[in-house]
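Here's the structure we're looking at; comments come further down.
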Amino acid sequence: MYRYVEDKRFVSKMRQFCGSIMQELCHTLKRDWNIGTVFFLVGSGARNLILQNENCPIDLDYNLEFVRLDPSLSEREVKEAVRCAFNKVLRRRGLPDCQDSTAALTTATMSLYRGNPALFSMDVCIVRREPDGTLSRLIHQKNGSVQLDRYIWNTACNSDGLREKVQLIRQSGKWGEVRQAYLSLKNQYLRRNDLYHPSFICYIEAVNQVYCTMTNKTEYVTWAGSLTRK
C-alpha cells in the first residue's frame, strides 16, 4: 500500500540530486545541439505529495520544456537529441542509459550515497508550449519496428480551473484533506489493480472532492481528466 514519504531531509537531497541532473541536461542540449530548454519538477514531487508503495522506487516527474528549437528538426530528431544528451549526463555519473517509453525518458533506479537507502527514479517528459498556452507532450508511438515508429505532439491532460481550486483550498486551510483524499484514491485504485487512473488523475479527483465539499457542488472526473458537472 502507498504511504507518504516523511523523511524531509531525504526528499530534499533527492530533489537536489535529480535537479542537478536536469540542469546538466539543459546545459548539454544547449552546448551540443543549440537547443534551449528549461525544466520543472511536476506531479507529486512538486506538490509535496510524494508516495512510496512499500519498498518500490519513488518516482519524480519532470517536464523538459523547449524555449528555443530549430523548426527544421523533426519530432524524431528532437527526441533523439534529448535522449542522447540525457544518456551523456547519466554516464558521467556512472548511471545506466535511460529507457525510451511512450511519453517519457525513464532512468534506472538510483539511491543516494549516504543516509536513507530508498530507491528512486526520474521520468522526463518532453513538452512544448502551444500559442494558447497549453502544453503538448512529445509521444513516441512504437509500432514494432524503429522505421515504423511515429513521433507526435499530444495535448496534455485537461485540468481547467484546477489552479484556482487549489488556491482556494490552501487559503481555507484544507490542504491536509487533499493529502488524505489523494492517498486514499491511490490505494483504492491500487487494490483494484486499476491502470486507468494515473497519479495526475488521482490528484484532480482529490482536489475536486475537497473543493466540492467546501462549495456544496457535485463534480467528478472521468479517466481522461475532463471535468463533468451535475
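Conditions (1) in a loop (DSSP other than H, G, I, E, B); (2) without any contact (Cβ under 8 Å) to a residue 24 or more places away in the chain; (3) in contact with a helix residue (DSSP H, G or I) (Cβ under 6 Å, 6 or more places away or on another chain), marked per residue:
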position	(1), (2), (3)
Cys26	no, no, no
Phe39	no, no, yes
Leu49	yes, no, yes
Leu64	no, no, no
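Being at pLDDT 95 or above, within 18 Å of Gln16 (Cβ to Cβ) and assigned by TED's automatic domain parsing to the domain that holds Gly43, is that true of even one residue in the stretch 125-146? Within the stretch 125-146 (the criterion being at pLDDT 95 or above, within 18 Å of Gln16 (Cβ to Cβ) and assigned by TED's automatic domain parsing to the domain that holds Gly43), the answer is no, since none of the residues qualifies.
Hey, any hits in the stretch 170-186 for a residue that's touching a helix residue (DSSP H, G or I) at 6+ places or on another chain (Cβ under 9 Å), over 19 Å from Leu73 (Cβ atoms) and assigned by TED's automatic domain parsing to the domain that holds Val78? No, every residue in the stretch 170-186 fails to be touching a helix residue (DSSP H, G or I) at 6+ places or on another chain (Cβ under 9 Å), over 19 Å from Leu73 (Cβ atoms) and assigned by TED's automatic domain parsing to the domain that holds Val78. From the list Leu195, Leu185, Leu190, Leu168, the lone residue that is part of a loop (DSSP other than H, G, I, E, B) and either within 24 Å of Ala103 (Cα to Cα) or in contact (Cβ under 8 Å) with a residue 40 or more places away in the chain (or both) is Leu195.
Here is a check on your reading of the model: is Gly43 surrounded by 14 or more Cβ atoms within 10 Å (Cβ to Cβ), out of contact with any Pro (no Cβ under 7 Å at 6 or more places or on another chain), over 25 Å from Gln147 (Cα atoms) and at pLDDT below 95? It is true that Gly43 is surrounded by 14 or more Cβ atoms within 10 Å (Cβ to Cβ), out of contact with any Pro (no Cβ under 7 Å at 6 or more places or on another chain), over 25 Å from Gln147 (Cα atoms) and at pLDDT below 95. On inspection, Leu148 qualifies as without any contact (Cβ under 8 Å) to a residue 12 or more places away in the chain and among the aliphatic types (A, V, I, L, M). Within the stretch 6-40, the set of residues being surrounded by fewer than 18 Cβ atoms within 10 Å (Cβ to Cβ) and aliphatic (A, V, I, L, M) comprises just one member, Val38. The lone criterion from (1) among the hydrophobic types (A, V, I, L, M, F, W, C); (2) within 26 Å of Cys202 (Cα to Cα); (3) part of a helix (DSSP H, G or I) left unmet by Leu60 is number (3).
Residue under question is Arg3, and the condition is that it be among the basic types (Lys, Arg), touching a strand residue (DSSP E or B) at 6+ places or on another chain (Cβ under 8 Å), surrounded by fewer than 20 Cβ atoms within 10 Å (Cβ to Cβ) and within 19 Å of Leu183 (Cβ to Cβ); does it hold?
Working: among the basic types (Lys, Arg): yes; touching a strand residue (DSSP E or B) at 6+ places or on another chain (Cβ under 8 Å): yes; surrounded by fewer than 20 Cβ atoms within 10 Å (Cβ to Cβ): yes; within 19 Å of Leu183 (Cβ to Cβ): yes.
So Arg3 fits the description; yes.
Looking at the stretch 201-217, is at least one residue under 21 Å from the mean Cα position of the chain (by Cα) and free of Cβ contacts under 8 Å to residues at least 12 places away in the same chain? Walk me through it before giving the result.
In the first step, residues of the stretch 201-217 are kept if they are under 21 Å from the mean Cα position of the chain (by Cα); the result is 201-208.
Narrowing further to those that are free of Cβ contacts under 8 Å to residues at least 12 places away in the same chain: none.
No, the conditions are met nowhere in the stretch 201-217.
Does Gln180 fit the bill of being of a type in the set (S, T, N, Q), modelled with pLDDT of 95 or more, out of contact with any strand residue (DSSP E or B) (no Cβ under 8 Å at 6 or more places or on another chain) and surrounded by fewer than 17 Cβ atoms within 10 Å (Cβ to Cβ)? Talk me through it step by step, then tell me what you get.
On the way: of a type in the set (S, T, N, Q): yes; modelled with pLDDT of 95 or more: yes; out of contact with any strand residue (DSSP E or B) (no Cβ under 8 Å at 6 or more places or on another chain): yes; surrounded by fewer than 17 Cβ atoms within 10 Å (Cβ to Cβ): yes.
When the stated conditions are applied, Gln180 passes them.
Only residues that are aliphatic (A, V, I, L, M) and touching an Asp or Glu at 6+ places or on another chain (Cβ under 7 Å) were counted across the stretch 59-100, and they come to 3. Selection of the stretch 88-141 for residues being assigned to a loop (DSSP other than H, G, I, E, B), surrounded by 13 or more Cβ atoms within 10 Å (Cβ to Cβ) and not polar (S, T, N, Q) yields Leu95, Asp97, Cys98, Ala103, Ala104, Ala108, Leu112, Ala118, Leu119.
The values are calculated or read from the model by the stated rules, or taken from the named source; none is laboratory data. Keep in mind the model is a prediction, meaning the values are calculated, not measured. Note that we place each Cβ from the backbone using ideal geometry, even for glycine, and neighbour counts take in every protein chain shown.
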